[in-house]
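Chemist: Submitted below is the structure of interest, expressed as structure tokens.
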Amino acid sequence: MDKLIIETTESGDVKERDEQDVSTPADFTSPDVLYDDLIKTVRKYHPSDDMSDIRRAYEVAAEAHKNQKRKSGEPYIIHPLCVAIILAELEMDKETIIAGLLHDVIEDTPMTYEDVAQQFGDEVAMLVDGVTKLTKLNYKQDKVTEQAENLRKMFLAMAKDIRVIIIKLADRLHNMRTMQYQPREKQIEKSRETLEIYSPLANRLGISKIKIEMDDLAMKYLMPDEYNDLYHKVEEMRPGKEAFIRDMIKEIADHLKSHGIKAEVDGRIKHLFSIYRKMVSKKKTFDQIYDIFALRVKVETVTDCYTVLGLLHEKYTPVPGRFKDYIAMPKQNNYQSLHTTLYSKSGQPFEVQIRTFEMHRVAEYGIAAHWKYKEGIQGRPADAEENKLTWLRQLLEWQKEMPDNEEFINSVKDDFSLLSEKVYCFTPSGDVKPLPAGSCPVDFAYAIHSAVGNRMVGARVNGQLVNIDYKLKSGDQVEIITSQNSKGPSRDWLNIVKSPQARNKINQWFKKNLKEDNIARGKDLLQAYCRNRGIQLSELLKPEFMDKTCSKYGYKDWDSLLASVGHGGLKEGQVVNKLQDEYEKKRRASLTDADVLKSITEDAKDRPADKNSTGVLIKGVRDLSVRFSKCCNPVPGDEIIGYITRGRGITIHRTDCVNILSLPASERNRLVEAQWEHTTSKNGSYAAELTLYGQNRVGLLIDVSKIFSDAEIDVKFLNSRTNKHEQATINVGFDVRDKEELARIEGKLRKIKGITDVARTTG
């Protein structure tokens, strides 16, 4: 959706413009035109006229990717060009632009790190290599371990050079812009990852320009009904609201001008996910959201910001409890602005954000707005900006201290959370400490330093002694009382703290100072758990079971795992359940899969040749007892694999079947090689299923059916459903001879008017 902006000109006139996402139309533009757009964007902010290095990077990338295509069928070079344009919009330096153009060459082409370094220097090669390493994950492990390793790798890359992550964010944004060409499962997977990790990361870096678009695109694929519902509601109210905003901009601009304030005033439509998040977090209806169309006033100085606030509060009645001062107390991502909600003369509420031009630049570009490089010091921000990466250094400390992957992921997500409210409290010396809503003095103590928290014996709030579970409020002045005789934190504190930092530091204290006690306590808890449930623990405590349990939860040895159980970091039930799973796997495997396969093979050799052969070879043997999986419906020409079942022979799946890709590591030894016989009869038929997406219209099903009747293909079933926005989803099952015939049918279906996508089932 275009983002309408209404703003004042220097003369005080009001004008309108549409701010389009650069890469939306550019996806279907020739590479040379895109390159010209890139250079125009760079020239707007870069002082140098020499673009030869960027030109050379474009030519090298185009040559390296010349035989590659994207899912949409476009030349692959379109993607790195669009990534580079996004980076140029963030006004990044030339090295980052060049690395954006080359970010896939090490991974996807014959080019090496040495090739890039030789042609473009070590700095660019390091950036490209950093982005490449972020994509090389170990997918053989469980999902929690995989995600934790991904995050750890990302934070280490950020510490080395934050530009690596900015390139990765631009890469993910363009992939989200072109997600319509991916299968539905991939759309959901990538959108969830974007909403949980990449968008909050952009938020913590303060890059709202990327964050807000990622949010909307992820919502579009994860919550299509909610997205479309909000879209239509906003469109219905747009004409009236735009007229109101236009009038308010003129009125406010004239009022400020009459008082000698030089300001720019603009208004824009709030992004859909922002509206949705506020509706959910505040439990409000669409009609109760005041800032769907927001006004913004930009001025030269901080003093002007507060002067404008006073003038607006003098002219309009403010809504009680709706004022926030993010200038005096910035958000964790360094966002600064004054927010106030006012009643217009007609009684309609509206929100105004007041900030300086520099604050606006930081709000749009975040860390990228200040990324200036010193000569001879690569990958380091200017000294004045070092403190803005404090949270990153904190995360790096966490990742070293947390062997438990699940605990680490939860801590990161808590810290990243877009929905978390903050309270702002002060030390006696006036330093501000932002904390999660509901925090207590213990959270405040650990926000100062772990040593302060560990020695804490009490607290004063606003000069009065309070209980340690006192709920802090914004503006509270907190004094922590410590004692050298303190025996350390209490386990009960884990039940009252709200910040992941405090919880982590308390757990670390117990791990380091009471390890032996925790090991003994962990043993007792395991024994008590098993005794109460009639489980023989001695049968489960075999070295192989214990090792796999340690690996599952990310501990290097059994004592470390017991210590975690002892201090409450891991539940004893989780440990016992995993031990039982390993025990059952070994017991069931007493009849090995090899024995099952051997038995099936011998039976096949004894049977006479079957005229209705499946046409599948299992490890070179034909006519085994096989059946085709209904979850993915393989047909001749597909890459296939066999799965040994218990009592039902071997099931044949496509190799891209979701059920095969998500198979646990413990089950993968039941997979066997399978392939189609070269002599597979073209007269045979195989079940296939397609899902069609499109806009409903009269005659759509007739056109779909005609494709099959013209090809003389028997349709087994056809189901259609249409949502309230007239978007149709059609499932059709039929028989085909091979993958080539299926591809021909799929191609014809894509040409039907109204059809936007066609996908095969993959599990």
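Chemist: Looking at the range 245-322, which trypsin sites (Lys or Arg not before Pro) are in a loop (DSSP not H, G, I, E or B) and have at most 16 other Cβ atoms within 10 Å?
Modeler: Passing both the DSSP loop test and the Cβ count: Lys262, Lys282, Lys283, Lys284, Arg322.
Chemist: Pop a pseudo-label 7 angstrom from the Cα along the beta-carbon direction at both Glu235 and Lys262 and give the gap in nm to one decimal.
Modeler: 4.2
Chemist: Also, quick follow-up: Can you list the residues of the range 498-525 with backbone N under 17 Å from a point 7 Å past the Cα of Asp431, pointing along Cα to Cβ?
Modeler: Hits in the range 498-525 for Asp431 at 17 Å: 501-502.
Chemist: Moving on to the next point. Can you run phi through the Karplus equation (6.51, -1.76, 1.60; θ = phi - 60°) for the range 545-551 and list ³J(HN,Hα) in whole Hz, with x for Gly and Pro?
Modeler: Calculated HN-Hα couplings, in order: 5, 5, 4, 5, 5, 4, 4 Hz.
Chemist: Provide the FRET efficiency to the nearest 0.05 for the Lys512-Gln118 pair, computing r from the beta carbons and using R0 = 41 Å.
Modeler: In this case the efficiency is close to 0.30.
Chemist: Further, regarding this structure: What whole-number value in Å² describes the accessible area per residue of the range 425-566 for a 1.4 Å probe?
Modeler: Value returned for the range 425-566: 52 Å² of accessible area per residue.
Chemist: Which residues in the range 730-763 have a backbone N closer than 12 Å to a point placed 7 Å from the Cα of Arg184 along the Cα-to-Cβ line?
Modeler: Under cut-off, by backbone N: 730-732, 757-763.
Chemist: Then there is this: At R0 = 56 Å, how high is the FRET efficiency between Phe357 and Ser625 if r is their beta carbon distance? Nearest 0.05 is fine.
Modeler: 0.15
Chemist: Between Val33 and Thr317, what is 0.36 nm times their sequence separation minus the Cα-Cα distance? Round to one decimal in nm.
Modeler: Value of the extension gain: 97.1 nm.
Chemist: For the pair Lys571 and Glu639, how long in nm is the line joining their label points, each one 7 Å along Cα→Cβ?
Modeler: 3.9
Chemist: Another one. How much length is gained on full extension from Lys716 to Arg697, taking 0.36 nm per residue of separation minus their Cα-Cα distance?
Modeler: 4.5 nm
Chemist: Assuming R0 = 60 Å, can you tell me the calculated FRET efficiency for the pair Thr303 and Thr756, based on Cβ-Cβ distance, to the nearest 0.05?
Modeler: The value I calculate is 0.70.
Chemist: Subtract the Cα-Cα distance of Lys542 and Lys69 from 0.36 nm times their separation in residues, and report this length gain in nm to one decimal.
Modeler: 165.1 nm
Chemist: From Cα coordinates alone, what are the radius of gyration and Dmax values for the range 455-593 in angstrom?
Modeler: 20.4, 72
The values are calculated or read from the model by the stated rules, or taken from the named source; none is laboratory data. Please read all numbers here as calculations on a predicted model, not as lab measurements. With ideal geometry, Cβ positions are generated from the backbone for all residues, glycine too; neighbour counts draw on all protein chains shown. When the accessible area is computed, the model is the full protein with side chains, heavy atoms only, and any ligands, DNA or RNA have been set aside. Shrake-Rupley method; radii C 1.70, N 1.55, O 1.52, S 1.80 Å.
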